[in-house]
Amino acid sequence: MTDPSIPISPEPGRPIFRGRRQAGAILARALTDLHGDDVLVLGLARGGVPRAGGVARALDASLDVFVVRRPGIPGRPEVAMGAVASGGTIIPASEVVDLLGITRRAIEAVARRELEDLRRRERAFRDGRPPADLARSTVVPVDDAIVAGSTMAAAARAARRRDARRVRRRSASPSRRPRAPSRPGAGGGVAAR
């Protein structure tokens, strides 16, 4: 059943939320079942951080930043070959990799470069603070959009590798993506897995 308080975009590319605060507030309402749990909200840098802050406040939960990068294929940086997350988690976009015949060696070379940049960004975002301890927490990675799902999948896998008790993937997208996948949880609106 669809929640009538969650706006649905009538057409691709059209905003469905008035802004990041509204999107975060609606997302927080969708997560009220977590209130009182040992919850850690991870804002996926950059766009997910403003929403994650609102969600953490609404749930009275801890907040941390989590960096995920979508490296482009060689020669076409706008076409993502997958995602790389904090801690070295790599999620290849199998369809793209297979279609273009990208080798494992090429993926690993790009991932190494992205990991260096990822570590630099994490240091800047955290300003010297260590990453939050995810062990025994219900982790909620929050992003501003899910287009292909690789960044959210990489964040979820990285959280599990750091011993999160449970991971709830959520997104509050400001607009429906024109070419979003047709599976549940993709594109605009509030999505969950």
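The values are calculated or read from the model by the stated rules, or taken from the named source; none is laboratory data. A quick note: this is a predicted structure, and the numbers were derived from the prediction, not measured. Glycine also receives a Cβ, built like all others from the backbone with ideal geometry; neighbour counts cover every protein chain displayed. Areas reflect the complete protein model, heavy atoms only, side chains present, ligands, DNA and RNA absent. Shrake-Rupley method; radii C 1.70, N 1.55, O 1.52, S 1.80 Å.
Based on what the data block shows, is ILE73 among the hydrophobic types (A, V, I, L, M, F, W, C), open to solvent by 20 Å² or more (accessible area, probe 1.4 Å) and either over 11 Å from the mean Cα position of the chain (by Cα) or more than 19 Å from GLY48 (Cβ to Cβ) (or both)? For ILE73, the condition - among the hydrophobic types (A, V, I, L, M, F, W, C), open to solvent by 20 Å² or more (accessible area, probe 1.4 Å) and either over 11 Å from the mean Cα position of the chain (by Cα) or more than 19 Å from GLY48 (Cβ to Cβ) (or both) - is not met.
Inside segment 138-157, residues that are farther than 28 Å from GLY36 by Cβ and either assigned to a loop (DSSP other than H, G, I, E, B) or of a type in the set (Gly, Ala, Ser) (or both) make up a count of 6.
Going through (1) farther than 13 Å from ASP64 by Cβ; (2) buried (at least 16 other Cβ atoms within 10 Å of the Cβ) one by one, LEU134 falls short only on (1). Taken together, ILE26, ILE91, ILE16 contain a single residue that is closer than 19 Å to ARG168 by Cβ, open to solvent by less than 40 Å² (accessible area, probe 1.4 Å) and modelled with pLDDT under 85, which is ILE26. Note on segment 54-102: enclosed strands (runs of 3 or more DSSP E) holding 1 or more residues that are on the phi > 0 side of the Ramachandran plot are 82-85. When every residue of segment 106-124 is checked against the conditions, none turns out to be open to solvent by 30 Å² or more (accessible area, probe 1.4 Å), not small (Gly, Ala, Ser) and not in a helix (DSSP H, G or I).
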